[in-house]
């Protein structure tokens, strides 16, 4: 990992998107990097579009403020592609990851992604429902993000999912989230 | 070596308070400082600290209780933001005038009206003249480090004054970033045992606090307060030297970045200094000789040291995250004061930025540097005070 990697997350309030950014920061920190994770603070309502950001680097991070040119855009709710400009500021080598049941090729068309940009799709909500019975897609998205971007290794991520959920939830929920992260990693498809 | 963690600025400051274990905290919640004291109150609840937490009905009462507890002979801390600090206003002067070493993280936030919960320095700058020492932190690590050093500085027998440790609301207080914690035992050793001076609770030696002093000696009292402030920088540097021995992290009265051979300088505090450093690197790569000076200690203000650090530059832009309406930005006024002590007189401009949490983006730093290049060439300043990052 050379330069700083900047990530923008699009989600809806209550979906766990901010938690996903936090878990990713923890995972990247535990392998010795420098990290930032922060949401954009606005009116905090369940269901409202929200953005969160990560910066990950081998060197100290000094830049504050929103990520303007994300190397990775992770979209936790496919309906946001119609509601907000999810491709704003995306560079030519941007990687998009979308939580959707649709075919990744269809998603590519929807995003009007450039040929140089990569598009991945994962049915993260379905995986979450299968694994722990609640439509909270962040663990499966994080698994998919590992595979699609290589920003962190799966075993490091799983450890941090365990740590993060271990503080608040029962073993059944933790195991379900671990399983969801693994399945996200396996089931993500490029289009 | 301590533990490396990914935490928010608030979390890091709560951790510092936990490690310091003050005798008394009196607090009232206000965004964005709420989260800091709420985390600390969990430590109290869970028995991780011995602190007596006094939950009061306003910030005026919070500071009043802190003053009472400090005069009684305790190590005392609280935290606040914005309107909370504004409501403390009269008590801030009493804490300083009574020379009580209270330590207070101030999570910087804009002032009403209009209501705004986001970060700017209006609150801290409003307390500029209260007699508190003020430190501004660029990131969560600095907020944590400054808070630990603050107790040593405040309680030093040559100082014995209250200290505010500022960080940018939300931008730092609520962002998760890498922080290196110091081991509990090392913090405890560094801060040392609290030694009460003239405690009210020493009943064998009764004393009185808060006397009436009229025209006979008030003027002398205030001069004495000024004299004490002039002793603070030496203590601040001593404490910083000890801190560097413990952690390897170096602190001064201010930080300079690529300033030694610079032709132009930006003076800016807190998180915006971090962003500015990244942009300075980009201009340096193009051969532009631009540097940065980031004040850490705003009160007392290190005029002479700053004049020396800036003496070789031709043009300076001072970026204020607060305004004095109808006047100049508060940081500008201080830097201008320092410039007046120089033989060379660089051109100085004042940019007001980031009020109410408006993002300080790279293009704003670029605009400032581009203008500085022209000013350094021509020696002419078109507009002394200007708002940047304004939506037109």
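Of B:48, B:207, B:351, the residue with the greatest mean-square motion in the GNM of chain B, using alpha carbon springs below 10 Å, is B:207. Per residue, the average separation of C-alpha pairs within less than 8 Å and at least 6 apart gives chain A a relative contact order of 21 percent. Counting neighbouring Cβ atoms within 10 Å and putting the fewest first, the residues B:135, A:132 line up as A:132, B:135.
How long are the three semi-axes of the equivalent ellipsoid for the protein assembly as shown, computed from the Cα gyration tensor as the root of 5 times each eigenvalue, in whole Å, largest first? Over the Cα atoms of the protein assembly as shown, the ellipsoid semi-axes are 43, 31, 20 Å. Taking the C-alpha atoms only, the angle from helix B:9-20 to the longest principal axis of chain B is near 40 degrees. If you run the Gaussian network model on chain B, springs between alpha carbon atoms under 10 Å, then out of B:284, B:128, B:152 the most flexible one is B:284. Taking the fewest neighbouring Cβ atoms within 10 Å as the starting point, the ordered list for B:104, B:246, B:297 is B:246, B:297, B:104. Using 7 Å Cα-to-Cβ label points, what is the residue B:195/residue B:45 separation (nm, one decimal)? The answer from the label model is 3.8 nm. Its residue count N sets the reference 2.2 N^0.38 Å, and the alpha-carbon radius of gyration of chain B equals 0.98 times that reference. The residue B:227 and residue A:40 beta-carbon pair, evaluated with R₀ = 51 Å, returns a calculated FRET efficiency of approximately 0.60.
Here the relative contact order of chain B, from alpha carbon pairs under 8 Å that lie six or more residues apart, stands at 16 percent. Compared with the rule-of-thumb size 2.2 N^0.38 Å for a compact globular protein, region A:11-120 has a Cα radius of gyration ratio of 1.09. Apply 1/(1 + (r/R0)^6) to the Cβ-Cβ distance of residue A:175 and residue A:129, taking R0 = 22 Å, and write down the FRET efficiency to the nearest 0.05. Working from the Cβ atoms, E equals 0.90.
Rounded to the nearest 0.05, what FRET efficiency is calculated for residue A:85 and residue B:115 with R0 set to 30 Å and r the Cβ-Cβ distance? With a Förster radius of 30 Å, E is 0.60. For region A:5-190, the direction-averaged projected area of the alpha-carbon convex hull comes to 9.7 nm². Based on DSSP, what percent of beta bridges with both residues in chain A are antiparallel, to the nearest 5? Restricted to chain A, the bridges split so that about 55 percent are antiparallel.
For a label point 7 angstrom out from the Cα of residue B:377 toward its Cβ, which stretches of region B:284-309 have the backbone nitrogen within less than 14 Å? Backbone N within reach: B:288-289. Take every Cα pair under 8 Å whose residues are at least 6 apart in sequence, average their separation, divide by the length of region B:254-387, and the relative contact order is 27 percent. Extension gain, residue B:244-residue B:258: 0.36 nm per intervening residue step, less the Cα-Cα distance, totals 2.9 nm.
Spatial offset of region B:225-284 relative to region B:138-191 amounts to 15 Å, using the alpha carbon center of each. Fully extending the segment from residue B:160 to residue B:56 would add 34.9 nm, taking 0.36 nm per residue of separation and subtracting the current Cα-Cα distance. Potential lengthening of the chain between residue A:106 and residue A:190 amounts to 29.2 nm, from the contour at 0.36 nm per residue minus the alpha-carbon distance.
In plain terms, the residue of B:181, B:209, B:28 with the fewest other Cβ atoms within 10 Å comes first and the most crowded comes last, giving B:209, B:181, B:28. Between helix B:140-155 and chain B there is an angle of about 50 degrees, using the helix long axis and the longest principal axis of the Cα atoms.
Every read-out reported here was derived from the displayed coordinates using simple, explicitly stated rules and does not represent laboratory data. The shown structure was predicted, so the numbers you read here are calculated from the model rather than taken from an experiment. Cβ sites come from the backbone with ideal geometry, for glycine too, and all protein chains shown count toward neighbours.
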